[in-house]
Each structure stands twice: as C-alpha cells, then as structure tokens.
1. How big, in percent, is the set of alpha carbon pairs in the chain lying more than 17 Å apart?
2. On the accessible surface of segment 1-127, probed at 1.4 Å, how many percent belong to carbon and sulfur atoms?
3. Rounding to the nearest 10 and keeping the result within 0 to 90°, find how far the Cα-based axis of helix 15-38 lies from the longest principal axis of the chain.
4. Per 0.36 nm of contour for each residue apart, how much would the distance between Thr100 and Met87 grow if the chain were fully extended, relative to their Cα-Cα spacing?
5. Give the total of Lys-Lys pairs in segment 1-140 with Cα-Cα distances below 23 Å; include a pair only if its members are 8 or more places apart or on different chains.
6. So, with +1 on the Cβ of K and R and -1 on the Cβ of D and E, and no other charges, what is the size of the charge dipole of the chain about its Cα centre, to the nearest 20 debye?
7. Please calculate the 1.4 Å probe accessible area of Asp40, with all protein chains present, and give it to the nearest 10 Å².
8. Can you give me the distance in nm between label points at Asp11 and Ile24, each placed 7 Å from the Cα along the Cα-to-Cβ direction?
Amino acid sequence: MRMDWLSNAIDFGVIGLLGALSVIVVGVVIERVVFYRSVDVRGYKSAKALELELSQRLFLIGSVAANAPYIGLLGTVLGIMLTFYNMGLDATADAAKIMTGLALALKATAVGLVVALVSVTSYNALLRKAKVMLLQWEIGHG
C-alpha cells in the first residue's frame, strides 16, 4: 500500500494553504497601504477611533506570520514520514531516493519561511505607519 495521497496532501494541501495565505496577506497589505494613503488624521475626533481604523486586519497578517513556519514544518514532517515509509516498502537504502525525498520534504519549510518573512516584514511596516499616523494625530490635537 503506497501513500501517494500523502505526497499530494503535502504539495496541494500544505503548500497550497501557504500559497493562499500569502495571497491573503498581499491583499490585506495592499488594502491597508491604499487606506493609509487616503486617511486624513485631522478628520478624527478621537485617537482611539483612529487607532481602530488603522489597526483593522493587522491581526490577520500577524497570525499568518506567526503560523506559516509551523504549517511549513508540518509539511516537512509529513514529507519525511513519507520518505521513510517508502524506504521501508522498498527495503533498500538507496541514497539517491532518500536524499530526493528529504529535499522535496524541505520545500514545505522553505515556502513557510518565505510566507512568514513577507508577513512579518509587512506587519512591522504597517504597524509602524499606524503608530506614526497616531503620533501625527496627537501632535495636531496638542
């Protein structure tokens, strides 16, 4: 009994999920950048109301940043399990098959790290911009 379904689960499930999360993050980042450019801090009567508007959806980027490496790691663990399982079925210790299986398993971690790096960088940049805009409001309202 081969576990080919696990290979598809890793490729389409884990990496597909990470791809979808990266698209969501990019979409939220674009929306926030457009919003930050259009907002007039002087139009807000309360710093708290401004802060609520500026921080909308930032939690989503932060959540992806925190969890993407773990999702990638899950894919790697599943890929390594699949490699060992297939080695056991073949009853051989072919180094080429082992190294190929492990290399392919590590791609999930690589994708997870890339998604996390983009998310963390975006989150920090947007959070900094929100803080600057809040300070501008405070300066303008003395």
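1. Details: 6556 of 10011 pairs.
Above the 17 Å cut-off, the chain has 65 percent of its Cα pairs.
2. Values: 5370 of 7480 Å².
So the carbon and sulfur contribution to the accessible surface is 72 percent.
3. It works out to around 10 degrees.
4. Numbers: separation 13, 0.36 × 13 = 4.68 nm, distance 1.18 nm.
Separation in residues times 0.36 nm, less the Cα-Cα distance, equals 3.5 nm.
5. Details: Lys45/Lys129; Lys45/Lys131; Lys48/Lys129; Lys48/Lys131; Lys97/Lys107.
For segment 1-140, qualifying lysine pairs total 5.
6. Details: 12 positive and 9 negative charges, 118 e Å.
Charge dipole, the chain, about its Cα centre: 560 debye, nearest 20.
7. Looks like 70 Å² after rounding.
8. Once both label points are built, they end up 2.4 nm from each other.
The values are calculated or read from the model by the stated rules, or taken from the named source; none is laboratory data. No experiment lies behind these values; they were computed from the predicted model shown. Positions of Cβ are backbone-derived with ideal geometry, glycine not excepted, and every protein chain shown enters the neighbour counts. These area figures cover heavy atoms from the full protein model, side chains too; ligands, DNA and RNA do not enter into them. Shrake-Rupley method; radii C 1.70, N 1.55, O 1.52, S 1.80 Å.
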